[in-house]
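Participant: I am attaching a structure below and will ask some questions about it afterwards.
The values are calculated or read from the model by the stated rules, or taken from the named source; none is laboratory data. Keep in mind that what you see is a predicted model, and the values were worked out from it rather than measured. We place every Cβ from the backbone using ideal geometry, glycine too, and count neighbours over all the protein chains shown.
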Amino acid sequence: MMAARLTMRLVSAALAGAIMTASAAAETKSKRPQQTPAPAPIAQQPAQPAKGAEPDLAYSAFQRGQYVTAFREALRRVEEKGDVKGMTLLGELYADGLGVPQDDKKAEAWYKLAIDRGDREAMFALAMFRMTGRAGSRDREDAARLLTSAAKLGHAVAAYNLALLYLEGQLFPQDFLRAAELFRVAAYAGSAEAQYALATMYKEGRGVPKDLREAARLLGAAALANNVDAEVEYGIALFNGAGIPKNETAAASYLRKAARKGSAIAQNRLAFMYASGRGIPANPVQAIRWHLIAKASGNNDQFLDDYMRKAKPEDRTTGEEAAKPWIALLAPAATASTTARP
C-alpha cells in the first residue's frame, strides 16, 4: 500500500511536469535524547574547485540577487572564454526574467549552446521546458532524452525525475528495476526525495529485494534532510522496530517534528503516543489536541475518538482550545483548494 501511494503521488507530479528539487535543511535540528540513534547521512563527494580557477563573479552576484551584474559577468565570460556555465546562467536569467526581460526563446537558445558543450544543468533546465511546453509545445520524448543525458552526468534531480517516468509507465514501459537504479543515483548524490522513494521500494520489495534495514537507513538519511514523509516513516519504523532497533522515545522526536510541519499521519501517531504514554509521558490534553488537528485534515481514529469521549471534561476543553489555532489555519487552505478547481 505504501509503495502504491508513493507511486501515485510521484506519477501525478510527473504528469503535471513538476520540477522536483533537492530538499534543503531549512530549520534548526532540535536536540534529541542521547539514546536516539542518529542515522548516517548518505555520503557525498564534495565538489573541489579547480586550482587557479577564476572566481565565478557571475554566480556570486546571482546568489546575492544582483542579477544585472550577474548577467553582465556571465556574458563577459561567454564572450571572452566561451564559458559553458555562463551560458547556462544566462539561460536561467532569461527563463526567470531576472535582470533582463523574461524570454523563453532566448533562455532556450542559451541552454542549447551549453548543452552542446555538455552542461548537465542546462540539459535538466531544457528538459523541464520540454516537459511543460515552455518555448514551444510539450515534448515529453525530448524531455526524457535530456533527462537521461543529465542523469548520466550525475545530475541528481534529473535522475529522480527520470525515475518518475519509469514508475509512471507511459512514456517508457513501467520498470521498477530501472526506477530503483535511478533513485539510487539521485539518493547517493544527496536527494532526500530519492532517498525516501528508494526506501519505499526497499520496504515493499519493488525493483529491489525487500530489505527493511536498508529502507530504515535511507529513511533516516532523508529525515535528517528534513523530508517530512521520511520523518513520518522513520518515526514509525523506530516505534515498531522495523529494520532498526525499537526506540519509542526517538520515534516521538521524529513524529513530533513532522506533526508540527502539518503531517496528518504524524499528528495522529503523536496523539496515540500521548494517549498511551508510549515514548513520551502520557498527556490527555496533548492527545486530544493532536487528534483534533489530525481529524481536521481527514485522518480520523476511532480509538482516539473514544479516548477523547472518556477524558475528563476539563482536559477535553483544554485540548479543544489548544487545537483551534491549528484548525483555523487549515480551513482557509481547504477553502482555497476547493475554489481553485475549474
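Participant: Kindly evaluate Y94 against the criterion of being buried (at least 21 other Cβ atoms within 10 Å of the Cβ) and touching a helix residue (DSSP H, G or I) at 6+ places or on another chain (Cβ under 8 Å).
Facilitator: Yes.
Participant: Right, something else. Residue under question is A74, and the condition is that it be modelled with pLDDT under 95 and either within 20 Å of R138 (Cα to Cα) or of a type outside the set (D, E, K, R) (or both); does it hold? Show your work before the answer.
Facilitator: Details: modelled with pLDDT under 95: no; either within 20 Å of R138 (Cα to Cα) or of a type outside the set (D, E, K, R) (or both): yes.
Spelling it out, it is not the case that A74 is modelled with pLDDT under 95 and either within 20 Å of R138 (Cα to Cα) or of a type outside the set (D, E, K, R) (or both).
Participant: Follow-up. Taking only pairs six or more apart or across chains, which ones have beta-carbon atoms under 6 Å, a first residue in segment 258-286 that is aromatic (F, W, Y), and a second residue that is at pLDDT 95 or above?
Facilitator: Here the result reads Y274/N283; Y274/Q286; Y274/A287, each pair linking segment 258-286 to a residue that is at pLDDT 95 or above.
Participant: Go through segment 276-326 residue by residue and tally those that are assigned to a helix (DSSP H, G or I) and crowded, with 16+ Cβ neighbours inside 10 Å.
Facilitator: Here is the first cut: in segment 276-326, the ones assigned to a helix (DSSP H, G or I) are 276, 284-296, 302-310, 313-326.
Still in the list and also crowded, with 16+ Cβ neighbours inside 10 Å: 284-296, 304, 307-308, 315-316, 318-319, 322-323, 326.
Within segment 276-326, residues that are assigned to a helix (DSSP H, G or I) and crowded, with 16+ Cβ neighbours inside 10 Å number 23.
Participant: Where the second residue is in a helix (DSSP H, G or I) and the first is β-branched (V, I, T) and lies in segment 55-76, which pairs have Cβ atoms under 6 Å and are six or more apart or on separate chains?
Facilitator: Qualifying pairs under 6 Å: T69/A61.
Participant: List the residue pairs whose Cβ atoms are under 7 Å apart, where the first residue sits in segment 168-192 and is in contact (Cβ under 8 Å) with a residue 60 or more places away in the chain, the second is surrounded by fewer than 18 Cβ atoms within 10 Å (Cβ to Cβ) and in a loop (DSSP other than H, G, I, E, B), and the two are 6 or more positions apart or on different chains.
Facilitator: A189/Q44; A189/G154; G190/A22; G190/Q44; S191/A22; A192/A22
Participant: Among what's in segment 222-275 and is assigned to a helix (DSSP H, G or I) and hydroxyl-bearing (S, T, Y), pick the residue that is surrounded by the most Cβ atoms within 10 Å (Cβ to Cβ).
Facilitator: Y234
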